[in-house]
Every structure is written in structure tokens, then in C-alpha cells.
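The values are calculated or read from the model by the stated rules, or taken from the named source; none is laboratory data. On a predicted model such as this, the values are computed, not experimentally measured, just so you know. Heads up, the Cβs are rebuilt from the backbone with ideal geometry, glycines too, and the neighbour counts pull from every protein chain shown. Surface areas here come from the heavy atoms of the whole protein model, side chains and all, with no ligands, DNA or RNA. Shrake-Rupley method; radii C 1.70, N 1.55, O 1.52, S 1.80 Å.
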Amino acid sequence: MIYLVLASLSWSIVGVLVKIAGLQFDSYTITFARFSIGVVALAGVVYFSRNSLRPATFYKWIWIGAISKSANYLFENVAITIGHAYGNMLVQPIQTIVLLAAGVFLFKDKLTAKSWLSGGVVLAGVLLITLNGRSLGDAIVEQGWITALFVLSGIGAALHFLSQKMLLDSMNDVSMNYSIFFWASFVSAVPLPFAADWQPTFVPGAWLSAAGLGLITGFSFLMLSKALRTVKFSVAVIVSNMAALFTVLWSGVFLREPITAYIVIGAFTVVAGMTMLNWPGKPKPSVEPS
């Protein structure tokens, strides 16, 4: 249970850490730090678990995962830096909506009534947060491009999720995450010579935040995997989805960001929809052979 709580809390603090890291670093550098430091942390886990430190290379889904996760982090970092830290709670529900759509249009899945209802609730929560009491026109004019960045981040996260799903049969979770993040660190390093722009003043909190983001990248997914082996799935669903609420809390407490009733209600709505969607259904009764 402790691993699940730690994973959820670590995800909830990402927005605050990105905002603080942005006091010193540009979004490209923050993205690179999240992967490079995460890979170093994962390398220790790989070594002590007796897995190979040579990352998998000749899997197309490794590269799809690396590129899409890089896009996920980069768009998220840019949006948080110019917007509010609590905005990154939009990424997971957008990822969910994209995955539902992919299931219908690409994999020809038949969604249940519960899936449609849950998706609608999640979308309603996203709209509440995005509009924040404004008309659609005003929201688009004022922060439409920031929302678009979070949407692109959610699409990247969805593609990364799909890559993990496609690789699970051929790789264990440690080697898979290590390989994807290893190559993502190279992908995210490409724009650095042209786009890196550090502030000249040394900001210790920014360096600590960048390091924290890297450790979250390295360990949070492993903590979740370990937790799912010992915690009931229904409990895992509730605790992991509560990260959205803590994202709002930390943004208000540490950054004094304006948290309106629309943001709070929207966060609870997203959590409700995500919990409904992932809640395990009743097992079908087994038929005994006669």
C-alpha cells in the first residue's frame, strides 16, 4: 500500500516541481532532466535485479514509446511553465479519452454502457477545469493554446501507454521502462543545443526540483507495478486517481495558484469518472461441466 500512495503523491507534485524548475531551466532542459536522471535511477534497479543494462533497440514500440513519452513530457512542461501547475491533471483524463477513442476506431472495441458513461463524466470534468467559469469563446482566447498543449501531452501519454501494452508480452516492466526512458533521454536531448535557455541566476530549488522530477520518472512506475501485486485493484484505482485532487491542493498550498470552485468540482468529477471507468466489474459466474 505504501508504494501505491508514494506513486500517487509523486505524480501529484509534478506540476509544482516543473513550475519551480522553470525558474532556472527551459522546458527542453526539464524534459531531458526528467528522462536522463530517471534512467540513471532505473539503471541501478536494472543492475541489482540482474537484468541487462543494454537497452532494447530493435523494437518499433520502444521507439514509439520513447518519442511519444518525450512529446508527453515536453508539451506538459511547456504548458505548466506558461500556465498553472494544476493544469497537468488534465493529462491523465485526456489520455483516457484518447485510449477509449483508439479502442473504438483502431481496435474495434465495443464499449460498454459503463465505459461511455465514465468517458462522458471524465470529459465533463475536463471541460469544467478548462472553462473555469468562462464561456467557451473566452476560454479559447485566454488559454486555448495552453489547453491544446495539455491535449497534445495527453495524446503522447496515450501512445506511450499503448507501447507498454504492446511490449508487455515480450519484456518485463523494469527492462521495458529502462529501454523506453533510455532512448527518450536521447530524443529529448536533440533540441538542447538550439533551444536550451538557462537563467543566469543560480536557483537551488530549481535544481532540486529537476532532480526530483527525474527520480519520479525512474521510480514511480516501478512503485505502481509493485503495489499492484499486493493491493486490491479496486483500492489501487481509488488511490491512484486521487492524485488529481492532490495536484490541486499542492498548487494552492505551495504556489498560491488561484483555485476556484470550478477547478475543485472539475477535479472531483474527473476522479469520479476515472474511478468508474477502471472499477473492476463483477466476475462472470463459471459454468461447471456436467
Return only the number of the condition from (1) modelled with pLDDT of 95 or more; (2) crowded, with 16+ Cβ neighbours inside 10 Å; (3) assigned to a helix (DSSP H, G or I) that residue 257 does not satisfy.
-> (3)
Out of region 65-93, which residues are open to solvent by 30 Å² or more (accessible area, probe 1.4 Å) and among the polar types (S, T, N, Q)?
-> 81, 92
Some residue of region 35-42 being open to solvent by less than 30 Å² (accessible area, probe 1.4 Å) and within 14 Å of residue 153 (Cα to Cα) = no
Set 117, 100, 90: member being under 20 Å from residue 15 (Cβ atoms) and assigned to a helix (DSSP H, G or I) = 90
Which of the residues belonging to region 213-254 are part of a loop (DSSP other than H, G, I, E, B) and open to solvent by 70 Å² or more (accessible area, probe 1.4 Å)?
-> 229, 230, 232
Within the group 38, 15, 44, which residue is assigned to a helix (DSSP H, G or I) and more than 28 Å from residue 245 (Cα to Cα)?
-> 44
Within region 94-134, how many residues are open to solvent by 60 Å² or more (accessible area, probe 1.4 Å), more than 17 Å from residue 83 (Cα to Cα) and at pLDDT 90 or above?
-> 2
With the condition kept exactly as written, say whether any residue in region 145-156 is within 25 Å of residue 242 (Cβ to Cβ), assigned to a helix (DSSP H, G or I) and among the polar types (S, T, N, Q).
-> yes
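Against the condition over 18 Å from the mean Cα position of the chain (by Cα), assigned to a helix (DSSP H, G or I) and touching a residue at least 60 places away in the same chain (Cβ under 8 Å), how does residue 175 come out, does it pass? Walk me through it before giving the result.
On the way: over 18 Å from the mean Cα position of the chain (by Cα): yes; assigned to a helix (DSSP H, G or I): yes; touching a residue at least 60 places away in the same chain (Cβ under 8 Å): yes.
Criteria met by residue 175.
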Somewhere in region 57-64, is a residue open to solvent by less than 40 Å² (accessible area, probe 1.4 Å) and either aromatic (Phe, Trp, Tyr) or in a helix (DSSP H, G or I) (or both)?
-> yes
